[in-house]
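Right, one structure below, let's go through it.
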Amino acid sequence: SEKRKERIINDINMTENFMERFLGLMGKSDVGAEALLIEPCKSIHMFFMKMPVDAVFLDKNGRILALEKNLKPWSVSGIYKNGRSVMEMPSGSADRLGLECGEVLAFSERPKTD
């Protein structure tokens with residue numbers, strides 16, 4: 001089967017400032033969307049996290065560089081020097097969506113609810 005050239009992720013929240021990037025999903029028990037996109041970001045920590053996540057590291061073109069699945073609270077991801085952003089998703093999401101390294105993702109931002 002031929003790999004899709006680009007996949008659109010519709011239900012995503014995007015960080016808008018340093019504090020949102022710093023906090024990410026810390027202390028939350030729900031992502032609140034299909035995913036949270038943190039940009040710029042080359043690595044993540046799981047300190048103070050209440051749930052494991054799948055971390056999808058993307059380059060500047062939205063191409064998947066690495067998939068770190070089921071990252072547990074209090075762990076640390078690898079550092080991806082060519083990384084531009086990371087998408088944090090509930091654990092199991094990467095497999096459920098069939099995400100693969102090399103695939104290109106595009107995003108449709110979710111409206112803010114606050």
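The values are calculated or read from the model by the stated rules, or taken from the named source; none is laboratory data. From a predicted model like this one, the values you see are computed outputs, not experimental measurements. Methodologically, a virtual Cβ is constructed for each residue, glycine included, from the backbone with ideal geometry; neighbour enumeration extends over all protein chains shown.
In table form, for the structure just shown:
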| read-out | value |
| --- | --- |
| Close pairs (6 angstrom Cβ cut-off, 6 or more residues apart or separate chains): under 17 Å from residue 52 (Cα atoms) in the range 13-37, of a type in the set (S, T, N, Q) and buried (at least 18 other Cβ atoms within 10 Å of the Cβ) anywhere | 33/13; 36/13; 37/85 |
| Residue count, the range 45-57 (criterion: closer than 13 Å to residue 94 by Cα and either among the basic types (Lys, Arg) or crowded, with 19+ Cβ neighbours inside 10 Å (or both)) | 5 |
| Of all residues in the range 21-45 being out of contact with any strand residue (DSSP E or B) (no Cβ under 6 Å at 6 or more places or on another chain) and either at pLDDT 85 or above or of a type in the set (Phe, Trp, Tyr) (or both), the one that is nearest to residue 60 (Cα to Cα) | 40 |
| Residue, surrounded by the most Cβ atoms within 10 Å (Cβ to Cβ), within the range 61-90, restricted to residues that are closer than 11 Å to residue 42 by Cα and among the charged types (D, E, K, R) | 84 |
